[in-house]
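Notes follow the structure.
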């Protein structure tokens, strides 16, 4: 386990609302190795984003994190105070967000925003930070990086801004990069470019990536490991190849059936649709969270589903094999 | 998870009327301000019944009697008497009528002018909008206090003059708010539908748009009424507003200011009342804004 | 940007002209100035003489044109009450009022910006509620009454500050507080609302994700964006403060434009009233113009387009 970068065990996130406490992340566990890509997959509202924000200690006000274990590169994150976390954040672990249009501060230049984290974490001078920023702007495929450096966010397109966000995340040479739906807001050709870029960067820089997405097509292209989330829980996780070739949980199977695949999907036939809606996350849920939408649901599903395991692959269901 | 919470909320949401009522009474500042305002209005209306003396009768033998809580005070004049021996409590009650009358009338006059301009600008856009915007900018450039003082100085101060002057000066905020509210309402689907059906312009403005911008109108109206009351008090304080012997609170403070070093209560009582009235109206207005647009706080 | 400034400048000139027309006609329509100029108890023949002397027998529009031309030549006429040149009279009082206005504004900003930030950062906490309560009460307190309370407290009871006059810095303390506190709540609410809005923006999360400490996130990333509407309001409020100086300067006998306006109004000194109204209005127009330019300059979207 020497090469494990991030170890998450028993992580929960609760949000207090007027109608009760929302348990958005429920006791999940996973780990990420150095240089590996883990994809967190699930429908919107299943707790993927909250999981990533909890790791970065960026949860919104009112959201509370609890974990049995949260260890990053040997350091215990649960006991860190805000200013201690600031030493890690942006430095050794970085994050890219879903909305490139609004994730950059409109009042400052790209260059200023690229440099400020680097100068703080690395105690670097302007010249050094500038060189690094221009180097990375080039690296993420931005032409005329020198010119872009002095521009404001509103002068850049969405795709360019997301590249800037990636460059910004890479400034300090982080060991872990969390990308929360980095391509959702972009159009399809740009999506492909950004994904290719992330894959290249991982190869070249050996960064571990947690990619959060609802798009299994994206997962298939980039993931080493996959964790499928549903209603705040991880229902199935394992190696990407195993998950795709041999999905065991009915929900994972449902998700995979939703991907249109050339050759596999018969033209004219309807794509798979999972009927029903995600259950309310207020209060405790006993038994399997997916049972209301599951074609295989039985009376037994009212009990907590048994954990099942084969090498590199685990899931929670009464079924051995969907 | 936010989606889940949202859908739950829509199911649990009660009917609109009940919701508004619940929000109104759950809104502390509205309850507090509205309650206080209601008390002041009732007291002002019942002034002839509640007053212990005639507010204009002078009694030079009993000048500057302090309120009852001072050693020399008595319950004969619970808030004492002024420098001419008039009963302060009775004057205070009748003064509430003047402030409320000013607030209400100025609000109505400036509200009609400003709303008309704002509706026209917001609905027709283009040249009408430019013209109204120019009027508003010009009006804003002129200091209200100074222009009001100047006009009163020429025409002579009296209650109707003050009401007219302030009414014709204070429509700017109505126009600004109504203009943008109308622009928003205009883009609503059913307004477009009414246009498509061929409803007349006046019908669309009065029947579709006005009811829609009413919440904003009410909020501006309360705040403008409060501001008009303060302006009248300032004018009267400078001696260029309501004229003696009317018991305007601003005028009462003005008449008492030469004696304030020895009889502080003479300015403290009308000053506090003025602040309370304005506070009540502002609280009610703020509360209404939160009730109409809970997210806009 | 240049086009924007030119457009705003054009509007400013038009508004100033409109104000001049209103200031002129309002005073002419309101009453017969000749009677006022001739003074109380004047005979008809004196009034007629005054009318002819001041050109009041000519058509109004001609009078306005003549008046406007004179103004452009720096001739605001002669004061009826002070018996001196209006321009030099007004010019001499302007610094006092400007100083009062700027100091009051500074006082208001110094209170309201930190309070607004605190209220936003700790939104819905007791700090927030306290700040909002202070704002609501402050906005309800009539400033002339507050000024009198200050006098009773600091001049009479404590004997710390002089009651009236404009000789020393100490003379400005109470007028500045009495004038400035009234605009502070508006700024506080605006800063608070803007900060709450901005603090939930995505780029604030980005800034936090970079590991920047809280003070940099708040002051560099949030405040810079929340402050833009405040700049626009500053210009407007300074205009309000200049207008509001009439009451405060009169109470404290502070020898500025407001006090001059009050004196000339009570003495029906029309040329002075016109000049003060004109001057304050044009000043307001200029300030809003500056506010707009500053705002555009602060906002890269408008500056670079």
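Rounded to the nearest angstrom and ordered from largest down, what semi-axes does the equivalent ellipsoid of segment C:2-72 get from its C-alpha gyration tensor (root of 5λ)?
Equivalent ellipsoid of segment C:2-72: 35, 11, 8 Å, largest first.
Given springs between every Cα pair under 10 Å in a Gaussian network model of chain C, which of C:292, C:202, C:85 has the largest fluctuation?
Result: C:202 has the largest fluctuation of those listed.
Arrange the following residues from fewest to most other Cβ atoms within 10 Å of their Cβ: B:132, C:217.
Ascending number of Cβ neighbours within 10 Å: C:217, B:132.
Computed over the Cα atoms, what is the radius of gyration of segment B:171-273 divided by 2.2 N^0.38 Å, N being its residue count?
Ratio of Rg to 2.2 N^0.38 Å for segment B:171-273: 1.73.
Hey, in the GNM for chain C with a 10 angstrom Cα cutoff, which one of C:242, C:100, C:60 fluctuates hardest?
Ranking C:242, C:100, C:60 by mean-square fluctuation puts C:60 first.
Considering only DSSP beta bridges whose two residues both sit in chain A, what percent are antiparallel, to the nearest 5?
Rounded to the nearest five, the antiparallel share is 65 percent.
Any idea what diffusion coefficient chain B gets from Stokes-Einstein, in µm²/s, Kirkwood Rh on alpha carbon pairs, 25 °C, 0.890 mPa s? Don't skip to the end; give the middle numbers.
Values: Rh = 21.7 Å.
After rounding, the answer is 113 µm²/s.
Taking the simple approach of a point 7 Å from Cα along Cα-to-Cβ for both residue C:84 and residue B:28, what is their distance in nm?
The answer from the label model is 5.6 nm.
Note down, for segment C:172-305, the three equivalent ellipsoid semi-axes (square root of 5 times each alpha carbon gyration tensor eigenvalue), biggest first, whole angstrom.
Result for segment C:172-305: semi-axes of 40, 18, 9 Å.
P(r) for segment A:103-173: what percent of alpha-carbon pairs falls in each 10 Å bin, starting at zero?
Each 10 Å bin holds this share of Cα pairs: 23, 60, 16, 0.
Would you compute, from DSSP H runs of 4+ residues alone, the mean residue ellipticity of the protein assembly as shown at 222 nm, taking -39500 (n - 2.57) per run and dividing by the full residue count, rounded to the nearest 500?
Result for the protein assembly as shown, helices only: -18500 deg cm²/dmol.
Neighbouring Cβ atoms within 10 Å as the yardstick, rank C:98, C:257 fewest first.
In increasing order of surrounding Cβ atoms, one gets C:98, C:257.
Going by average Cβ neighbours within 10 Å, how do the peptides B:195-202, C:161-168, C:76-83 rank, with the highest at the top?
C:76-83, C:161-168, B:195-202
Using bins 20 angstrom wide from zero, how does P(r) for chain C break down, in % of all Cα pairs?
The distribution over chain C is 27, 48, 22, 3, 0, given as percents.
Take the alpha carbon gyration tensor of chain A, find the square roots of its eigenvalues, order them as a ≥ b ≥ c, and report rounded if a/c is under 1.5; if not, report prolate when a/b exceeds b/c, else oblate.
prolate
Using the number of other C-beta atoms within 10 angstrom as an exposure proxy, rank C:254, B:214 with the fewest first.
So the ranking, lowest neighbour count to highest, is B:214, C:254.
What FRET efficiency would be calculated for the residue pair residue A:239, residue A:85, taking the C-beta separation as r and a Förster radius of 30 Å, to the nearest 0.05? Walk me through the numbers on the way to the answer.
Details: r = 31 Å, r/R0 = 1.04.
About 0.45, to the nearest 0.05.
Quick one: Cα centre-to-centre distance for segment B:187-261 and segment A:155-173, in angstrom?
Taking the Cα centre of segment A:155-173 as reference, the centre of segment B:187-261 is 51 Å away.
Given 0.36 nm per residue, what is the gain on full extension from residue C:53 to residue C:9 after removing their alpha carbon distance, in nm?
Stretched out fully, the residue C:53 to residue C:9 stretch lengthens by 12.1 nm.
With a point put 7 Å past each Cα toward its Cβ, work out how far residue C:125 is from residue C:156 in nm, to one decimal.
Distance between the two pseudo-spin positions: 4.1 nm.
With angles folded into 0 to 90 degrees, how steeply does helix B:28-45 sit against the dominant principal axis of chain B? Use alpha carbons for both and round to 10.
Taking the Cα atoms of chain B, the angle to B:28-45 is about 50 degrees.
Counting DSSP beta bridges in segment A:1-128, what percent are antiparallel, to the nearest 5?
95 percent
Of the beta bridges DSSP finds with both residues in the protein assembly as shown, what % are antiparallel, to the nearest 5?
Of the beta bridges lying entirely in the protein assembly as shown, close to 65 percent run antiparallel.
Kirkwood hydrodynamic radius for segment A:1-85: how many Å is it when counted over pairs of different Cα atoms?
13.6 Å
With springs only between Cα atoms under 10 Å, which of A:235, A:13, A:278 fluctuates most in a Gaussian network model of chain A?
Evaluated over chain A, the most mobile residue of the options is A:278.
Return the average number of partner chain Cβ atoms within 10 angstrom of each residue Cβ along peptide C:145-152. Show your work: numbers first, answer last.
On the way: counts 15, 2, 1, 10, 5, 0, 3, 6.
Mean shielding count: 5.
As a test of understanding, state the convex hull volume per residue of the protein assembly as shown from its alpha carbons, in Å³.
Dividing the Cα hull volume of the protein assembly as shown by its residues yields 236 Å³.
Per residue of A:103-113, how many C-beta atoms from partner chains lie within 10 Å of its own C-beta, taken as a mean?
Shielding by partners across A:103-113 averages 5.
Using the Cα atoms of segment A:169-209, I'd like the radius of gyration and the largest Cα-Cα distance, Dmax, both in angstrom.
Over segment A:169-209's Cα set, Rg and Dmax evaluate to 10.7, 29 Å.
Please report the projected area of segment B:20-94's Cα convex hull averaged over all directions, in nm². Mind showing how you got there, number by number?
Numbers: hull surface 25.7 nm².
Its Cα hull, projected and averaged over all orientations, spans 6.4 nm².
Here, each number is a calculation from the coordinates, and none is a lab measurement. Treat the numbers as computed from the prediction; the structure is a model and nothing was measured. Cβ sites come from the backbone with ideal geometry, for glycine too, and all protein chains shown count toward neighbours.
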